[in-house]
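One structure below.
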Amino acid sequence: MATYTHGQPSLSLEDGKLRRPMIIEIIEKKIEYLRKEKTLNIYGTAFLGTAASFSGIMANFIFRHCFKVKHDALKTYASLTTLPFLSTVVTYKLLVTDALYLGNISQENCVLRSSLISIICGVLYPCGLAFSKNGRLAVKYHTVPLPPKGRVLLYWLLLCQTEIKAMMIPLVLETAFGIFNGLQHYARFESRRENCT
């Protein structure tokens, strides 16, 4: 048999009715906070993906000019806009966002992963994709002289050596965007974790 002492809260039916709306209100506030937090994360990831799309457009323009390709412009521009965007967003979510939510990533590791994703998916992947697509079109429509046997890749790299240096601009920008986004994402995650505890 429980006895009531001065200082202990008394448990009654009314207290249970009052606590339930308070708990529901706290849960609703936490859910709303998490929704805001996820939209902020989506904006940073979408920004990286958009920068990768612009890098793909620039790479396609450079390689189309180098190989003197005039055919299938819509097809190459469409693929070089969407594929870098999607690959950047998916890779960032898998390697940075999910690792942050699991809690096994430091700030330095987050920034490193974010910058590497922006370099690989935002610059190197669009360059390789534009090189292969426009190289195939150049061979198909005979817009550049065919290379000698055995050294096809070296021949094409020497053909567009000076123009490819313009891709240093997106490389620097993507690296800066990746570092900034990684720092901002980690700071937001830490503040959210402190607020939840």
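The values are calculated or read from the model by the stated rules, or taken from the named source; none is laboratory data. Just so we're clear, the structure is a prediction, and the values are computed from it rather than from any experiment. Heads up, the Cβs are rebuilt from the backbone with ideal geometry, glycines too, and the neighbour counts pull from every protein chain shown. Each accessible area value is taken on the protein alone, full model and side chains, heavy atoms only, with ligands, DNA and RNA left out. Shrake-Rupley method; radii C 1.70, N 1.55, O 1.52, S 1.80 Å.
For the stretch 157-169, a residue qualifies if it is assigned to a loop (DSSP other than H, G, I, E, B) and either of a type in the set (Val, Ile, Thr) or surrounded by 11 or more Cβ atoms within 10 Å (Cβ to Cβ) (or both), and the qualifying residues are Cys160, Thr162. Checked against (1) of a type in the set (S, T, N, Q); (2) touching a Ser or Thr at 6+ places or on another chain (Cβ under 7 Å); (3) surrounded by 21 or more Cβ atoms within 10 Å (Cβ to Cβ); (4) modelled with pLDDT of 95 or more, Ser55 passes all but condition (2). Among the residues here, Leu153 qualifies as free of Cβ contacts under 8 Å to residues at least 60 places away in the same chain, in a helix (DSSP H, G or I) and closer than 18 Å to Phe63 by Cα.
Mind telling me which of the residues Tyr141, Tyr125 ends up being touching a Leu at 6+ places or on another chain (Cβ under 9 Å), under 22 Å from Ile62 (Cα atoms) and of a type in the set (Phe, Trp, Tyr)? Answer to the check: Tyr125. The set of residues in the stretch 170-189 that are free of Cβ contacts under 8 Å to residues at least 24 places away in the same chain and either in a loop (DSSP other than H, G, I, E, B) or of a type outside the set (Gly, Ala, Ser) (or both) comprises Val172, Phe180.
Can you find even one residue in the stretch 90-111 that is touching a helix residue (DSSP H, G or I) at 6+ places or on another chain (Cβ under 9 Å) and within 23 Å of Arg64 (Cβ to Cβ)? Looking through the stretch 90-111, none of the residues is touching a helix residue (DSSP H, G or I) at 6+ places or on another chain (Cβ under 9 Å) and within 23 Å of Arg64 (Cβ to Cβ).
Okay, residues lined up against (1) surrounded by 20 or more Cβ atoms within 10 Å (Cβ to Cβ); (2) out of contact with any Ser or Thr (no Cβ under 7 Å at 6 or more places or on another chain); (3) aromatic (Phe, Trp, Tyr); (4) modelled with pLDDT of 95 or more:
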site: Leu18; (1), (2), (3), (4): no, yes, no, no
site: Glu32; (1), (2), (3), (4): no, yes, no, no
site: Cys66; (1), (2), (3), (4): yes, yes, no, no
site: Thr82; (1), (2), (3), (4): no, yes, no, yes
site: Phe85; (1), (2), (3), (4): yes, no, yes, yes
site: Leu94; (1), (2), (3), (4): no, yes, no, no
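The set of residues in the stretch 108-156 being within 21 Å of Val172 (Cα to Cα), open to solvent by 50 Å² or more (accessible area, probe 1.4 Å) and not β-branched (Val, Ile, Thr) consists of Glu108, Asn109, Leu112, Arg113, Leu116, Leu124, Tyr125.
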